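Laboratory data are not the source of any read-out in this text; all were calculated from the coordinates shown. In this text, all values refer to a predicted model and were calculated from it rather than measured experimentally. Here the Cβ is made from the backbone with ideal geometry for all residues, glycine too, and neighbour counts use every protein chain on show.
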Amino acid sequence: MKALILAAGLGTRLSPYTENTPKPLFTLSGRPLLDIIISGLIDADCKAIVINTHHLHQKIDSYLAEQHYSIPVFTRHEPTILGTGGAIKNVADFWNDSPFMVINSDIFTDIDLKKVYEFHLDHSHPATLVLHNDPAFNTVTVDANGFIHDFNDRFSPHTASETRSHRASPSKTENTQELTFTGIQVLNPEVLEMIPDNVFSSIIDIYKTILSKKKKIPAFISKDFHWKDLGTPGRYRQVVFDDMAPKAFEAAFPGQTNRRIVRTALYGDGSDRKWYRVTDGQGSLILADHGIRQDDSTCEADAFVSIGRHLESKGIPIAKIYLYDTFSGHVFMEDLGDIHFQTFIKSIKNQNRIVSHYKALIRLLGKLSIEGRKGFNPAWTCQTAAYTEDLILEKECRYFVDAFLKNYLGMNIRFNDLEAEFKLLAEKALRFAINGFMHRDMQSRNIMVKKDRFYFIDFQGGRLGPIQYDLASLLIDPYVDLPRAIQNTLLTFCVETLSPLFRVDPDQFLSCYQYCAVTRNLQILGAFGFLSRLKKKTYFEKYIPNAIKTLKYHFSTFQREEFPTLTSIVRQIGGAG
């Protein structure tokens, strides 16, 4: 047996995700669809495979060049798309005298392709089509004897663009049923003679011609296999979940059987990710859906997985990652429960206990910074590789001006008028930096509490940078709004505990902390303004007063001549302060 994989389609229904990735290279559990189909054909004793290509054909060629399959796998580029029939005819020189298989590249199935081929060999008809019952796409009429009666004009994933010009099919009767064409078919070489040369042609047209000549086309119908069309983002995401969830549970809870997997949406965070708790009746996992990749750059899912696996290898307490697919954005991980550090710490009234828990966190932060830096690869990052002056100016200072002062408060402030003071702030925030791994969003809602242990989450924005920044993020966190006295106690503990560890002058350590606290505060207010006004996540608005109060405090500790314009603006926010 030889086979043709149809892979020339534009993937319009999957746009915009197909603008940079051809749909045959969409992945399931980290494996491209194309690889899954090729492997299935090899398992079915296929001797050679040809793949027709058009859209982003160079990427398919590049992928295949890196593989080492046990049989020959070729591509045949179509400068102009030829349709399903034209593609089959275009590789006429590839076929021999035996029946051959044709299969679409945008499907996922566990069907035994060898059984399909053997089914075809057992009859003398010119073709076999594999059909399946999918109510969303049931368009092929089959009679009681299992022969195809007609193709109707309603939408089907593999016939829509090639059958709409034809007449409507006869209505379904008690002796017929409608099923879905799966995009899997076996043809005899004689069919090639019916396909015109070098023009667009639909194989469905050819099958209609065969039926009009009173010839029969058997359907291979089985209820013992799964099949899904992946032609839309929604269907692709569902297939990814259906494929990955059982594997993730097997990795987390091996040996369990009779899983009934249920997915429940959880309240999201400030990002566009979607969160789910996934259960199987015996255990639970958390699924983070980062969304489908849109370009070739390192995305948030890439960073989350790479940094997460790195931190886990260093003994940093995070949720264990069990299974991931960074193209689809699906990451299955350990379920740490529902208690954030924010909820945990605000339930405690005893000040000594509050201080004790924060001290434990500060020690963990030291470990995160030191151990996280060892072997850290800046290429893992999805934003910037390090905390730099440019990042401070653009992602914190300008963010504060545009998203908070202008868009949220409606103040007529220009970044350029403050740029000189922002540059001075950035320079001072970096002057005595103790650089290690920096989480970048170390606040109480990014720390989980499970069985009296603390775990870091949401580290996908991590990079190299000052530990003082993460400490500031933790202590000035507006979600908790620690009293100033406790902040000062903890800051003294930071200096006493961490400055010897890093062999740094305590005064220099504290100086960096103070300026990092301001840059972090600017980022917080920019984020709250953006999320509240543009993302309509008004939940964050109630924390803005806490963040303003902290910003006012820090500017009150500076000499007025250090940041004169900024100090004046900060005093105007929320009234005189």
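A few comments on the model shown:
- Averaging the sequence gap over all C-alpha pairs within less than 8 Å and six or more residues apart, then dividing by the number of residues, gives the chain a relative contact order of 11 percent.
- Within the range 205-282, chymotrypsin sites (Phe, Trp or Tyr not before Pro) in DSSP loop having at most 13 other beta-carbon neighbours inside 10 Å: Y267
- Value of Rg/Rh across the range 2-228 [Cα atoms, Kirkwood radius]: 0.94
- Unit charges at the beta carbon, dipole of the chain: most positive-side option, Y539, S347, V140: S347
- In Hz, Karplus ³J(HN,Hα) per residue of the range 9-17 (6.51, -1.76, 1.60; θ = phi - 60°; x = Gly, Pro): x, 7, x, 4, 5, 9, 5, x, 5
- Here the residues C494, C382, ranked from fewest to most Cβ neighbours within 10 Å of their Cβ, fall in the order C382, C494.
- Cβ-placed point charges (K, R +1; D, E -1), dipole of the chain about Cα centre in debye, nearest 20: 2000
- Crossing angle, helix 544-557 versus the chain [Cα axis fit, 0-90 degrees, rounded to tens]: 40
- Least to most buried among H54, H77 (fewest other Cβ within 10 Å first): H77, H54
- Classified by the C-alpha gyration tensor, the range 341-572 has a rounded form. Its axis ratio a/c, with a ≥ b ≥ c, is below 1.5.
- Helix 415-431 vs. the chain, principal-axis angle (Cα, 0 to 90°, nearest 10): 80
- Projecting the Cα positions of I71, I307, T18 onto the charge dipole of the chain (unit charges on Cβ atoms of Lys, Arg, Asp and Glu, taken about the Cα centre) puts I307 furthest along the positive direction.
- Rounded to the nearest 500, the helix-only mean residue ellipticity at 222 nm of the chain stands at -11500 deg cm²/dmol, with each DSSP H run of n ≥ 4 adding -39,500 (n - 2.57).
- Counting only alpha carbon atoms, the long axis of helix 506-529 and the longest principal axis of the chain meet at about 50°.
- Where [x] 190; [y] 201; [z] 141 are the candidate values, the label of the one calculated here for volume of the Cα convex hull per residue in Å³ is [x].
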